[in-house]
1. Mind listing the long-range amide H neighbours of residue 53? Cut-off is under 5 Å, sequence gap 5 or more, other chains count too, H placed in the peptide plane at 1.01 Å from N.
2. To the nearest 20 debye, what charge dipole does the range 9-307 have about its Cα centre, counting +1 at the Cβ of each Lys and Arg and -1 at the Cβ of each Asp and Glu?
3. What would the Debye formula give as log10 I(q)/I(0) at q = 0.09, 0.11, 0.24 Å⁻¹ for the alpha-carbon point model of the range 202-310, no solvent?
4. For Cα pairs less than 8 Å apart in space and 6+ apart in sequence, what is the mean separation divided by the residue count of the chain, i.e. the relative contact order in percent?
5. State the extension gain, in nm to one decimal, for the chain segment bounded by residue 218 and residue 146, taking 0.36 nm per residue of separation less the distance between their alpha-carbons.
6. If you take the beta carbon distance between residue 125 and residue 23 as r and set R0 to 25 Å, what does 1/(1 + (r/R0)^6) give as a FRET efficiency, to the nearest 0.05?
7. How many nm separate the modelled label positions at residue 160 and residue 309, each set 7 Å beyond the Cα in the direction of the Cβ?
8. How charged is the neighbourhood of residue 196? Take every other residue with its Cβ under 15 Å from the Cβ of residue 196, and add Lys/Arg as +1 and Asp/Glu as -1.
Amino acid sequence: MAKRQKTIITCAVTGAIHTPTMSDALPYTYDDIASQAIEAAEAGASILHLHARNPDTGAPSVDTADFSPFLSRIKQATDAVVNISTGGSLTLSIQDRIKPAATFSAEMCSMNMGSMNFAFHPLAKRYDTWKYDWEEAYVANSKGNIFRNTFQDIEEAATTLAPHDIKFEHECYDVSHLYNLKFCVDSGLFKAPIFIQFVLGILGGIGADIDNLVFMKKTADKLFGDSYSWSVLAAGAAQIPMATTASQMGGNVRVGLEDSLFISRGELAESNAQQVAKIRHIVEQLGAEVATPDEAREMLDLKGADRVNF
């Protein structure tokens, strides 16, 4: 029997969807983002997927000045792989969204593989008061959002970031995004082996259930053969169940407060590290080993932390 590959745990620390009102644990100051990222790495996350926030209001930010303070601290304190988002905000241009990844030349960055409705407006009905003035409209107005990732946007992001030798985490929110990725690979825009993140449960994308995960995996097998590796993130209550299923299917997993604010049904997570520790315990109890950062670098063929610009 072939030796089972170790499981990479990614932690998405803060994201650009949830707002400070929704959880006191959601980090948005420089210190909180750095501290929670470091604690998540200590708990077992080998990759840290990072967004920035305005430290005064908690609003999503792509200002490189809001990345620098926590990136330097994270690098000093841990050897975890840093993955910088190019999602940034649903209303920004691709040029704005890729600037942090290009500026800091991280080992990894996300690459969204298709345009879609991306909404979280139902959350606005859950809160009567808000900590900051921007939050309610930001959440409610997502009903009208189109998350733009055209072929032109993808090409611009890929060609701009290619000189940095950044490994792309290809975020695929539906089956069509896998076919978009196949077209881009065949066009020479991306080189195998590729790393795919199956994204399940976003309103506007494919639902978070096992049948959909199996179908996404079978489609990726058909399109990419042995020339890819994969991970799963699932939104909200599906986070831990779908991550558990993915690990048993031979995939990697992503957790974090970007994707879910909860540690179990009805119970808010205390931190990102708590979610990482939970999925690590499950993965190990079910017979798999968790990859270290250096093992993740080898598995994904990353350039190494010595070649980043922070």
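Any read-out appearing in this document is the output of simple, stated calculations on the displayed coordinates, not a laboratory observation. What you see is a predicted model; the values in this text were computed from it and never measured. Here the Cβ is made from the backbone with ideal geometry for all residues, glycine too, and neighbour counts use every protein chain on show.
1. Amide H to amide H, under 5 Å and 5 or more residues apart or across chains, residue 53 pairs with 61.
2. Details: 23 positive and 38 negative charges, 109 e Å.
Here the range 9-307 has a charge dipole of around 520 debye.
3. The Debye formula, applied to the Cα set alone, gives -0.27, -0.41, -1.35.
4. Computed value for the chain: 25 percent relative contact order.
5. Contour length minus the Cα-Cα distance gives 23.2 nm.
6. 0.90
7. Output for this residue pair reads 1.2 nm.
8. On the way: positive: 167, 182, 191, 217, 218, 222, 254; negative: 169, 171, 174, 221, 226, 301.
Result for the local shell: +1.
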